[in-house]
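To start, the structure itself, in structure tokens.
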Amino acid sequence: MLLLDISILGLTLTAVIVAAVAVAVTLAILKSMASSKAKTIIAEAQREAEDLKREKVMEGREEALNITSEAEKQANQRLSKVQSSEARIKQRELQLNQQQSENQRTRNELDATRQTLDSKERALEARHQEVELLHREAQHQLEHISGLSSEEAKEKLIQSLKDEAKTAAASYINDIMDDARLTANKEAKRIVVQTIQRVATETAIENSVTVFHIDSDEIKGRIIGREGRNIRALEAATGIEIIVDDTPEAIVLSGFDPVRREVARLALHQLVADGRIHPARIEEVVAKVRKQIEEEIIETGKRTAIDLGIHGLHPELIRLVGKMKYRSSYGQNLLQHSRETANLCAIMATELGLNPKKARRAGLLHDIGKVPDEEPELPHALLGMKMAEKYKEKPDICNAIGAHHDEIEQNSLLAPIVQVCDAISGARPGARREIVEAYIKRLNDLEQLALSYPGVIKTYAIQAGRELRVIVGADKIDDAEAEKLSSEIARRIQDEMTYPGQVKITVIRETRSVSFAK
């Protein structure tokens, strides 16, 4: 058994030794193979490196050749530019040399010309001295012959020229003044006529009484009241006289204040429509109507200012303008008169090249002195001017308001425009009511004044006294005397009579030959 084990162990060792030898041999073989393979790889790598090196060297040489050729090309271009620049510089030098030679020739010519001029100037100076000497000799001879010195002769000549110039200037000034008078008169008439034609407004004459119509006469008793207490209360509240007479279906409200008459009319209308008429109700209704009228006055003033394009009026001035609606002047409604005057002023200011807005403003406000809340003793023009100054109106507008009736001096061009337009609006035929007797008397005075001259056969006052036609005998007055007669009548009317606007005098002289065939 032991021997078996020893034999097995020996076999095992032998096997291990054999295996180890086999491994060693295998390793030796592998090592030799790896060494040969490594040498092969190294040799191949060296060949590839040599090939790559030769390629890079070739590429470097090609790139160097390219750079060299490019550098040579740029150098050639720069060389060509330098050569062209040198050619231009040489050409410029040549031109400069030519120009310098020309300048030199020019300077030489100028020097020669200057020398020639200097010689001529010296010759002229010598000639001038000779002329001066001859002039002094001639002057001495003239002074010796005339017996006057040169200063005295000069003074006499200047004096004679002055006299001649004064005479010519005086004649020229007279011609200009005559032409200006004719032109100014014609131009003024044109402006006034055109202004009147462009503003055409209807005229309504207002009265100092208002007729209140009622449905039946039974209401008259209710208005009068028991023992007249209602009518007395109404008269006390409104300040208007209420006339209840036998006129059918009518009650007359009499008073010179149109605002009060309107308050009374509206109060009566409300009382009659309501049916309750007693003193307490009358006072309540009158107070309510008076407030409504005040609001309507302010609204009328605002509407008037807007219609005329006038801005920036003080609220109190707006109220006074609205109050003009209920005021009349010689029967002409004051608000309509002021609106018409404002439009006339604007047109005339435009024709004269002035500011039409300021002229329209002055025309609207020129009569505000007629509607104050209190009644001072100042003329309405001065009162209106003070009110305009109080409410910060401009000085030229205030002057136009105060001077439109010549109470103060006119300091601006607006003043005569307002004065003329106020006369145009108020003096038109039919614009204001005149007393019939005074109107007829004025026409008779016109006719009788013309009839007082010898040779006058008939006279006719026409166009509301704006024109007087005088018919004279052809055998008593000739054409020259007829023209003289018209001037004398015009002068006498102007001196002796008072009239609005102007009066045209037309003298008519004619010869008629009458024959009958039988």
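Under a point spin-label approximation (7 Å from Cα along Cα-to-Cβ), what is the residue 502-residue 392 distance to one decimal in nm?
4.3 nm
Label-point separation (nm) for residue 11 and residue 55, each offset 7 Å from Cα along Cα-to-Cβ?
My value for the distance between the label points is 6.4 nm.
Report, by chain and number, residues whose modeled amide H sits under 5 Å from the one on residue 457, excluding near sequence neighbours (fewer than 5 apart, same chain).
Amide H to amide H, under 5 Å and 5 or more residues apart or across chains, residue 457 pairs with 471, 472, 473.
Just read off the accessible area of residue 252 with the full protein assembly in place, 1.4 Å probe, to the nearest 10 Å².
Counting only protein heavy atoms, residue 252 exposes about 30 Å² to solvent.
In what order, largest first, do 234, 11 sit by accessible area if the probe radius is 1.4 Å?
11, 234
Please list, ordered by chain and number, the residues whose modelled amide H lies under 5 Å from the amide H of residue 332; skip anything fewer than 5 residues away on the same chain.
Residues meeting the amide H criterion: 206, 433.
Tally up the carbon and sulfur contribution to the accessible surface of region 332-428 as a whole percent, 1.4 Å probe, everything protein left in place.
Carbon plus sulfur share of accessible area: 51 percent.
At a 1.4 Å probe, what is the % contribution of carbon and sulfur to the accessible area of region 14-85?
64 percent
Could you calculate the FRET efficiency of residue 128 with residue 86 from 1/(1 + (r/R0)^6), where r is the beta carbon distance between them and R0 is 51 Å, rounded to 0.05?
Once the sixth-power term is evaluated, E becomes 0.25.
Do the alpha carbons of any pairs in 302/394; 288/392; 288/390; 291/394; 325/441 sit beyond 24 Å of each other, and which pairs?
From 302/394; 288/392; 288/390; 291/394; 325/441, over 24 Å: 288/392; 288/390; 291/394; 325/441.
What residues of region 459-503 lie in the reach of a label at residue 443, counting those whose backbone N is under 14 Å from a point 7 Å from the Cα along Cα→Cβ?
Only 459-469 fall inside the zone, counting backbone N under 14 Å.
Scan region 478-518 for GluC sites (Glu not before Pro) in coil per DSSP, keeping those whose Cβ has at most 12 other Cβ atoms within 10 Å, and list them by number.
The qualifying sites are 510.
Once amide H atoms are built 1.01 Å from N in the peptide plane, which residues 5 or more positions from residue 252, or in another chain, come under 5 Å H to H?
Close amide H contacts, sequence-distant or interchain: 212, 243, 245.
Report the FRET efficiency, 1/(1 + (r/R0)^6), for residue 21 and residue 42, where r is their Cβ-Cβ distance and R0 is 35 Å, rounded to 0.05.
0.65
Just the accessible area per residue of region 467-518, please: how many Å² with a 1.4 Å probe?
Result: 77 Å² per residue.
Please list, or write none, the lysines whose alpha carbon is within less than 21 Å of the alpha carbon of residue 154, excluding same-chain residues fewer than 8 places away.
Output for residue 154: 162, 166.
If you plug each phi of region 415-421 into the Karplus form 6.51 cos²θ - 1.76 cosθ + 1.60 with θ = phi - 60°, what whole-Hz ³J(HN,Hα) values come out, in order, with x for Gly and Pro?
Per-residue couplings from phi come out as 4, x, 5, 5, 5, 5, 5 Hz.
Which of the listed residues, 85, 128, 106, is farthest toward the dipole's positive end in region 36-163, when Lys, Arg count +1 and Asp, Glu count -1 at the beta-carbon?
Farthest towards the positive end: 85.
Treating only the Cβ of Lys, Arg, Asp and Glu as charged (+1, +1, -1, -1), what charge dipole size does region 1-131 show about its Cα centre? Round to the nearest 20 debye.
Here region 1-131 has a charge dipole of around 140 debye.
Residue 39: which lysines have alpha carbons under 20 Å from its alpha carbon, excluding same-chain residues fewer than 8 sequence positions away?
Cross-link targets: 31.
At a Förster distance of 25 Å, what's the computed FRET efficiency of residue 274 paired with residue 306, Cβ-Cβ distance as r, to 0.05?
E(calc), rounded to 0.05, equals 0.10.
The values are calculated or read from the model by the stated rules, or taken from the named source; none is laboratory data. What you see is a predicted model, and the numbers here were worked out from it, not measured in a lab. Using ideal geometry, Cβ is built from the backbone for each residue, glycine included, and neighbour counts are taken over all protein chains shown. Only protein heavy atoms, including side chains, enter the accessible area calculation; ligands, DNA and RNA are left aside. Shrake-Rupley method; radii C 1.70, N 1.55, O 1.52, S 1.80 Å.
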